[in-house]
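Novice: Quick one: the structure is below, and I'll ask about it shortly.
The values are calculated or read from the model by the stated rules, or taken from the named source; none is laboratory data. All figures in this text were calculated on a predicted structure; none of them were measured in a lab. Every residue, glycine as well, gets a Cβ built from its backbone with ideal geometry; the counts of neighbours run over all protein chains shown. Each accessible area value is taken on the protein alone, full model and side chains, heavy atoms only, with ligands, DNA and RNA left out. Shrake-Rupley method; radii C 1.70, N 1.55, O 1.52, S 1.80 Å.
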Amino acid sequence: MAGLFVAMYQLVDYSEQKDLVDRQRYQVVTLGKAITNAESGQRGYLLTGHTLFLDALEQGRDEASKVIAQLENSLAIDCAARPLLNKIKQLVQQKFNVMDKSVQVQMHAGEYAPHLSLSRDRGRELMKLIDGHMAQIDEQLVLQRQGFEQAIRNRILASVTVAILLSIVIISVLVFSYRSTTLLLEQVMENQAVAKQLSHQADHDLLTSLPNRRSVNVYLESTYEMARIGSKQFAVFFMDLDGFKRVNDAYGHDVGDALLIEVANMFKRVLRQSDFLARQGGDEFVLVVSNYLHRLELTQLAQRLIYLFAQPVVVRGIPLEIGVSIGIAEYPHHGKNVKQLLHVADKAMYDSKKNGKNRFSFGE
């Protein structure tokens, strides 16, 4: 009887430890989202000069600091992960220092300063390092979680075995053991469902369910390797919504979020199954197009995407007039690696903005 109770206690303890690991994985995702939101605020300020965007930058900074503090105090982060967490903390500080510096430069320049591209490149390098370290911590947490799952399975097996042996001695113990084991199995199944959901959230945008920035980097690296080995081509579309800030200001973030969900669905309706669509952050989307023969196909696709907004988008009964500015980069014509392609596509998108918005531009 004592052995059965010990096994039950261990089951609950391991389940709690596994839940703690899942919460830490979610906090790692939250840290990346906080930095992304801060970047959106910084980018909005650099583009428009409105100090309202600086609130988003500060909110992202506060959220990132809070999550890092929670991770530092967590028992699930073992000694092996501590150096990675410390490195992430340093990189995040450097990342915000770069963003602060770019904001200060903008304040003194009075307009969008071309030399800010250097700080933007540095910021992207830091973000890539941060993503890499967060991925390593997530891998270690996954290994911890698998260990707890194995321990739970072993304890469940032991509990069932002891319950069967005790059932021969007394029926009342059998009833009690069966009920306890059933409840524990339900808890394990619930934890597995939560873990599956958290794993999906780690690679997908919580609002639109599209792949997120992390998935973009992984997909692009894979696509690049296949294209390089097979001497094939692919294209990267960098898309930014025109007029989205105006919608947020006029109708609030709830309508803005509903608009982003509708836009994501509109994009998916005109894309092929082989095309990869992701939300980069804020109102920015990335599209990776493979299996095409001529640039004309890319031109036609860009025109279809722009034509989606020829009429107002109706969200919650409100007609919203928005557009999309698109920048396109082709491999290998515009870059020999993923970083170059993203840079060229991003710059081409800003060219579309400068030339009147709601249009597309190929990289130079």
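Novice: Could you compute how much accessible surface Lys95 exposes when probed at 1.4 Å, giving the result in Å² to the nearest 10?
Specialist: It works out to around 10 Å².
Novice: Select from Phe234, Gly327, Thr36 the residue farthest towards the positive end of the dipole of the chain; place +1 on Cβ of Lys and Arg, -1 on Cβ of Asp and Glu, and compute about the Cα centre.
Specialist: After comparing all options, I get Phe234.
Novice: Suppose a student asked you for the relative contact order of the range 251-325, using Cα pairs under 8 Å spaced at least 6 residues apart; what percent would you report?
Specialist: 25
Novice: Taking all protein chains as present, what is the carbon and sulfur share of the accessible area of the range 228-339, in % to the nearest whole number, probe 1.4 Å?
Specialist: Values: 2730 of 5320 Å².
The computed percentage sits at 51.
Novice: So, one more: Pick from Gly230, Gly327, Gly335 the residue whose mean-square fluctuation is largest in a GNM of the chain, springs joining Cα atoms under 10 Å.
Specialist: Gly230
Novice: Would you mind calculating the relative contact order of the chain from Cα pairs under 8 angstrom and at least 6 residues apart, reporting the percent as a whole number?
Specialist: On the way: 452 pairs, mean separation 55.8, N = 364.
This gives 15 percent for the chain.
Novice: Just round it to a whole percent: the fraction of Cα-Cα distances in the chain exceeding 35 Å. Mind dumping the intermediate values first?
Specialist: Values: 24049 of 66066 pairs.
Here the tail beyond 35 Å accounts for 36 percent of pairs.
Novice: Here's another thing I want to ask about it. Going Cα to Cα from Lys245, which lysines come in below 23 Å? Please leave out same-chain ones fewer than 8 positions away.
Specialist: Filter leaves Lys33, Lys268, Lys347, Lys353, Lys354, Lys357.
Novice: Treating only the Cβ of Lys, Arg, Asp and Glu as charged (+1, +1, -1, -1), what charge dipole size does the chain show about its Cα centre? Round to the nearest 20 debye.
Specialist: Taking the Cα centre of the chain as origin, the dipole is about 620 debye.
Novice: To continue, here is another question. Picking from Leu305, Ala151, Pro211, whose Cα lies most toward the positive end of the charge dipole for the chain (charges on Cβ: Lys, Arg +1; Asp, Glu -1)?
Specialist: Farthest towards the positive pole: Leu305.
Novice: Now for a separate question. Highest GNM mean-square fluctuation, the chain, Cα pairs closer than 10 Å: which of Asp249, Asp131, Asp203?
Specialist: Asp249
Novice: Per residue, how many Å² of accessible area does the chain show with a 1.4 Å probe?
Specialist: Here the per-residue accessible area is 52 Å².
Novice: In addition: How big is the range 213-342 by Rg and Dmax over its Cα atoms, in Å?
Specialist: Spelled out, the Cα radius of gyration and Dmax of the range 213-342 are 15.6, 50 Å.
Novice: At what distance in angstrom do the alpha carbon centres of the range 22-51 and the range 209-266 lie from each other?
Specialist: One Cα centre to the other: 16 Å.
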